[in-house]
Amino acid sequence: MVDDLRVGTPTPVIAARFHNTLARLIVDTCGIIRQQEGLNKVCLSGGVFQNVTLLSRTLRGLREAGFEPYNHHLVPPNDGGIALGQALVAHFSSQAT
């Protein structure tokens, strides 16, 4: 990125390269885990996957690599999802007593 900035590469090109690289790193890391653990399902969560560009490129890469990816579509991947999880734990904990 620094080299691109120094030579005047347009910002949208730098951003695309960044997102593509990060998505590729995620897919490659999942590939290593699959080889070691035999897992093929991947859950994408957390605030980083609120970035639609990163999410779409990662999902596409995972599917092309034969993974079964999952991501949030009814609950937000960030604090809203955490709050919902806490509410469910509280609900079921109160039912157990």
(message) For the range 19-57, which positions are in contact with a helix residue (DSSP H, G or I) (Cβ under 7 Å, 6 or more places away or on another chain), within 22 Å of Ile82 (Cα to Cα) and in a helix (DSSP H, G or I)?
(response) Val48, Phe49, Leu54, Leu55
(request) Scan (1) more than 11 Å from the chain's Cα centre (by Cα); (2) surrounded by 14 or more Cβ atoms within 10 Å (Cβ to Cβ); (3) hydroxyl-bearing (Ser, Thr, Tyr) for the single condition Ser45 breaks and write down its number. (result) (1)
(request) Taking the residues in the range 6-38 that are within 17 Å of the chain's Cα centre (by Cα) and hydroxyl-bearing (Ser, Thr, Tyr) as candidates, determine which candidate is nearest to Arg60 (Cα to Cα). (result) Thr21
(message) The conditions are (1) surrounded by fewer than 14 Cβ atoms within 10 Å (Cβ to Cβ); (2) more than 21 Å from Met1 (Cβ to Cβ), and Leu59 fails exactly one of them. Which is it?
(response) (1)
(message) So Ser56 passes all but one of these: (1) polar (S, T, N, Q); (2) within 26 Å of Leu25 (Cβ to Cβ); (3) over 11 Å from the mean Cα position of the chain (by Cα). Which condition number does it fail?
(response) (3)
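Laboratory data are not the source of any read-out in this text; all were calculated from the coordinates shown. All values reported here derive from a predicted model rather than from experimental measurement. All Cβ positions, glycine included, derive from the backbone under ideal geometry; neighbour counts span all protein chains shown.
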